[in-house]
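Worksheet for the structure shown next.
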Number of protein chains: 2
Amino acid sequence: MSRPPRHRLDCAPGCTVEATLGLIGGKWKGVVLYLLFEEEVLRFNEFRRRLPNLTQRMLTAQLREMEADGLIDRQVYAQVPPKVEYRLSARGRTLEPVVRALKAWGDAHIPPDSLAPPAAAA
Amino acid sequence: MSRPPRHRLDCAPGCTVEATLGLIGGKWKGVVLYLLFEEEVLRFNEFRRRLPNLTQRMLTAQLREMEADGLIDRQVYAQVPPKVEYRLSARGRTLEPVVRALKAWGDAHIPPDSLAPPAAAA
DNA sequence: CAGGATCCGCTTTGATACTG
DNA sequence: CAGTATCAAAGCGGATCCTG
């Protein structure tokens, strides 16, 4: 077995749809991916700055999973103040059409008022 | 408020990506959608026959959520043996490119051995 | 036939504190 | 800076039984 799927799949016709969702369907993976498409390369705390509501624990977990799934590359610099860079892997980059489709649909069909702003509801 | 989002969103740049995933990201919604793209119209037990591992509870829940999200239409016939038909709504149909992108990517990039067959692993 | 109602457990997500 | 460890809450998914 190469990738022990995180959630059980039972191959109905649309199986690969679920499989793909399993890879990017976390609560944050989509955003992480999206940011990497935009920024090319990001460090741990750069993610945190851009995603204030995302805890370290979650960020680490998501990053680790995506790395394990071969979607992103993690480059560690052996320095005194640690430095780790994240960027899309070749495989990760193939997801661009998918993420773009997701975003395009969302932009066009999601009512803006269902997108709760982080700290602007008063 | 039109759609009280099922999971909290905190609008980072790629927010709508997550929002879209929130609509189709359940464990079964992708398949349900996919089946409706194929079959056009399906009844409750027809879903169940095609998705043996999906419980009524889950099926009902998924169907209800997708209905609440305006993705599918639910047509009830007031008959003695109840009859309910499900089909994609106009809004639901707009998801086709998304689902197809998801499936296309999965078909091309998901290693087949990570797609556990329902009852064929021996 | 098409659900509704309950009960239960796992997984995900989150808040906090600590470390090399 | 870039995590790890622990603890607790919530949500998701499931099994079973019941009903109009």
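Shape summary of segment B:19-105, radius of gyration then Dmax from alpha carbon positions: 12.6, 44 Å. Measuring nothing but label to label, 7 Å from Cα along Cα→Cβ, what are A:ARG57's distances to the other copies in nm, shortest first? Distances between equivalent label points, in nm: 2.6.
Taking Cβ atoms as reference points and 13 Å as the exclusive limit, the residues near B:TRP105 contribute a net charge of +1, counting Lys and Arg as +1 and Asp and Glu as -1.
Taking K and R as +1 and D and E as -1, what net charge do the other residues with C-beta under 12 Å from the C-beta of A:ARG57 add up to?
Surrounding charge for A:ARG57 is +2.
In order along segment A:25-36, the Karplus-derived 3J(HN,Hα) couplings, from 6.51 cos²θ - 1.76 cosθ + 1.60 at θ = phi - 60°, round to x, x, 7, 10, 4, x, 5, 4, 4, 4, 4, 5 Hz, and Gly and Pro are given as x. Electrostatic bookkeeping for B:GLU40 treats Lys and Arg as +1 and Asp and Glu as -1; over the other residues with beta carbon under 11 Å from its beta carbon, the sum is -1.
Efficiency by 1/(1 + (r/R0)^6): what FRET value for A:GLU96 and B:GLN79, r their Cβ-Cβ distance, R0 = 30 Å, to the nearest 0.05? Rounded to the nearest 0.05, the efficiency is 0.05. In this Cβ point-charge picture (+1 for Lys and Arg, -1 for Asp and Glu), segment B:19-105 has a dipole of about 240 debye about its Cα centre.
In segment B:19-105, Cα pairs under 8 Å separated by at least six residues give a relative contact order of 31 percent.
For segment B:29-122, the set of GluC sites (Glu not before Pro) satisfying both a DSSP loop assignment and a count of at most 16 other C-beta atoms within 10 Å is given as B:GLU40. Counts of other chain beta carbons within 10 angstrom of each beta carbon in peptide A:31-39 average 4.
Laboratory data are not the source of any read-out in this text; all were calculated from the coordinates shown. None of the values given here were measured: they were computed from a predicted structure. Positions of Cβ are generated from backbone atoms using ideal geometry, with glycine treated the same way; all protein chains shown enter the neighbour counts.
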